Amino acid sequence: MQKHLVIIGAGAAGLPVASQVRRKNKNIEITVITSREYFAYSPCGIPFVVSGMINSFDNLILRDMKYYSEMNINILNKTTVDKIDLDAQEINFGNDKIKYDTLVIASGATPIIPPIPGIELEGVYFLNSLEDALRISKSLKNAKSPTIIGAGSIGLEMAHAFLKKGLKSRVIEMKDRVLPNMLDKDMGGIVEEYLTSLNMNINTSTVASSILGEKKVTYVKANGNEFETDLVLVSVGVRPNVELAKNAGIETGSTGGIVTDASLRVRRKGKFLKNVYSCGNCVEVTDIITHKSTVSALGSTAIRQGVVVADNILGKNTVFGPISSPSIAVIGELEVGTVGVTKEKALEYGINPIEGNAKGLTRAKYYPRGEDIYVKILSDSDYRVIGAQVISKEGVKGRIDAMALLIGRKTTVHQLATSETSYAPPISSALDPLTMAARKIIGSD
């Protein structure tokens, strides 16, 4: 009898499972169920469509229904799963139900909805799907002064996209800096200075207390001030979408994410189920620095987890280890990268970090079009690297990826300070800013 793999969720975790399994196993039946109309698209590209850098949202769609049909993968879109019955090995949706032999829960995350009066008004949006993006884009045609609540990477990328459309953007952030989950205050200040130079209004240490209007938003009240606005994007983070799993008796952890073993199998009543997996940002993972549970909202993490799940379904016995969460945002011309923990996060978990900052150039001093590059490295008391932050108009991603590898290998700042680096005037300075920052920590500079 043909085995049946059912995947709930058609995002960056669920679809790689389906594709990877199909490439290696032509006989298994594969069904992917998603409540959304659109699937197999790149959500990270949405701000760049809004800004006009990319022509159309259609460009973000990487695969269509025909592609999956030709792969013999059945996609049920616009379909909401109502119930998972783990004992009967059944999925219920509407008046239908299907049996599974192996189940993958890749249900993703949902936006955090802060308890702000007026958040239900017309003109208030969240961005968690292509459907959301289309609604926001349509509303922008009649907007003049959008407000973004939350200065994370998505909020700032969207704020800059609004600027590119000729709109006056205002960003409201309750913490004392922009990108608070990525950067420390000193590094966040560099980004804020850049955004302010573009005539973006940045209000940090500011709490949005209410959204005002009759039917449609007209003002946002924050710290006693009323800011006129005609569109509000609430971008304060996401939380794991786990209600379906919890209702089935699957355990969740302290972060709210689904608990799994290293093979990404879920747990029920204290036992890991051999034929039920979970992956993506609905899953609880382990931070490589703090060794505490966390949730990763990164698409790169979701894809890697999807590959691990596919391997295990195919019998390869692959594990998913602790993560350092390297991430990057591109806000206008500025690239902002981070990996590991910030100073705030380190202190929260009882680590007293040692800091090293450096400013350098992306090219030799005499070579044209070199850009300033700002680097911050954090180490613990044993001088192991635990975090890095890099800001420039070029050359950020490679350095962040390199630091992710070094953090994973428990590299010390002494080793980083004496490591070899390549050099050519058009693409680097003779002494890399990462080396300079590490030397600051060990006292060599």
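The values are calculated or read from the model by the stated rules, or taken from the named source; none is laboratory data. All of these numbers come straight from a predicted model, not from anything done at the bench. Cβ placement follows ideal geometry from the backbone for every residue including glycine, while neighbour counts extend to all protein chains displayed.
Of all the residues in region 400-445, those that are at pLDDT below 95 and touching a Leu at 6+ places or on another chain (Cβ under 6 Å) number 1. Residue-level check: of (1) on the phi > 0 side of the Ramachandran plot; (2) surrounded by fewer than 16 Cβ atoms within 10 Å (Cβ to Cβ), GLU214 misses just (1). Does region 152-160 include one or more residues that are touching a Ser or Thr at 6+ places or on another chain (Cβ under 7 Å) and either in the same structural domain as LEU347 (by TED's automatic domain parsing) or outside any helix (DSSP H, G or I) (or both)? There is at least one residue in region 152-160 that is touching a Ser or Thr at 6+ places or on another chain (Cβ under 7 Å) and either in the same structural domain as LEU347 (by TED's automatic domain parsing) or outside any helix (DSSP H, G or I) (or both).
Could you go through region 255-273 and let me know if any residue there is touching a helix residue (DSSP H, G or I) at 6+ places or on another chain (Cβ under 6 Å) and of a type in the set (Gly, Ala, Ser).
Looking for residues that are touching a helix residue (DSSP H, G or I) at 6+ places or on another chain (Cβ under 6 Å) and of a type in the set (Gly, Ala, Ser), one finds at least one in region 255-273, hence yes.
Within region 10-37, restricting attention to residues that are farther than 17 Å from ILE313 by Cα and buried (at least 20 other Cβ atoms within 10 Å of the Cβ), which residue is nearest to the chain's Cα centre (by Cα)? This residue is ALA12. Under the condition of being in contact with an Asp or Glu (Cβ under 7 Å, 6 or more places away or on another chain) and within 21 Å of LYS393 (Cα to Cα), the residues counted in region 315-329 number 3.
The residues on offer are VAL191, VAL171, and the sole one that is closer than 25 Å to VAL49 by Cα, modelled with pLDDT of 95 or more, of a type in the set (A, V, I, L, M) and part of a strand (DSSP E or B) is VAL171.
Restricting attention to region 395-414, which residues are assigned to a loop (DSSP other than H, G, I, E, B) and surrounded by 16 or more Cβ atoms within 10 Å (Cβ to Cβ)?
Matches in region 395-414: GLY395, THR411.
Against the numbered list (1) in a loop (DSSP other than H, G, I, E, B); (2) in the same structural domain as SER293 (by TED's automatic domain parsing), LYS246 comes up short only at (1).
Of everything in region 266-323 that's assigned to a helix (DSSP H, G or I) and among the charged types (D, E, K, R), which residue is farthest from the chain's Cα centre (by Cα)?
Just the residues of region 266-323 that are assigned to a helix (DSSP H, G or I), to begin with: 299-313.
Narrowing further to those that are among the charged types (D, E, K, R): 304, 311.
Values: ARG304: 13, ASP311: 23 Å.
Only one residue fits best here, namely ASP311.
Of the residues that make up region 365-377, is at least one at pLDDT 95 or above, under 17 Å from ALA438 (Cβ atoms), surrounded by fewer than 24 Cβ atoms within 10 Å (Cβ to Cβ) and out of contact with any helix residue (DSSP H, G or I) (no Cβ under 6 Å at 6 or more places or on another chain)? Scanning region 365-377, I find no residue that is at pLDDT 95 or above, under 17 Å from ALA438 (Cβ atoms), surrounded by fewer than 24 Cβ atoms within 10 Å (Cβ to Cβ) and out of contact with any helix residue (DSSP H, G or I) (no Cβ under 6 Å at 6 or more places or on another chain), so the answer is no.
Of the residues in region 301-330, how many are of a type in the set (Gly, Ala, Ser) and closer than 26 Å to PRO180 by Cβ? Walk me through how you get there before you give the answer.
Just the residues of region 301-330 that are of a type in the set (Gly, Ala, Ser), to begin with: 302, 306, 310, 315, 321, 324-325, 327, 329.
Going one step further and asking which of them are closer than 26 Å to PRO180 by Cβ, we end up with 302, 324-325, 327, 329.
Counting residues in region 301-330 that are of a type in the set (Gly, Ala, Ser) and closer than 26 Å to PRO180 by Cβ gives 5.
Could you look through region 68-99, keep only residues that are in a helix (DSSP H, G or I) and without any contact (Cβ under 8 Å) to a residue 24 or more places away in the chain, and pick out the one that is surrounded by the fewest Cβ atoms within 10 Å (Cβ to Cβ)?
Here is the first cut: in region 68-99, the residues in a helix (DSSP H, G or I) are 68-70.
Imposing the further condition that a residue be without any contact (Cβ under 8 Å) to a residue 24 or more places away in the chain reduces the set to 69-70.
Values: SER69: 11, GLU70: 8.
Per the stated criteria, the residue is GLU70.
Within region 105-134, residues that are aliphatic (A, V, I, L, M) reach partners that are assigned to a helix (DSSP H, G or I) with beta carbons closer than 6 Å, at six or more positions or on different chains, in the pairs ILE105/ALA245; ALA106/GLY14; ALA133/ILE46. On inspection, ASN225 does not qualify as crowded, with 18+ Cβ neighbours inside 10 Å and either among the β-branched types (Val, Ile, Thr) or within 30 Å of SER139 (Cβ to Cβ) (or both). Of everything in region 415-445 that is assigned to a loop (DSSP other than H, G, I, E, B) and small (Gly, Ala, Ser), the residue that is farthest from ALA364 (Cα to Cα) is GLY443.
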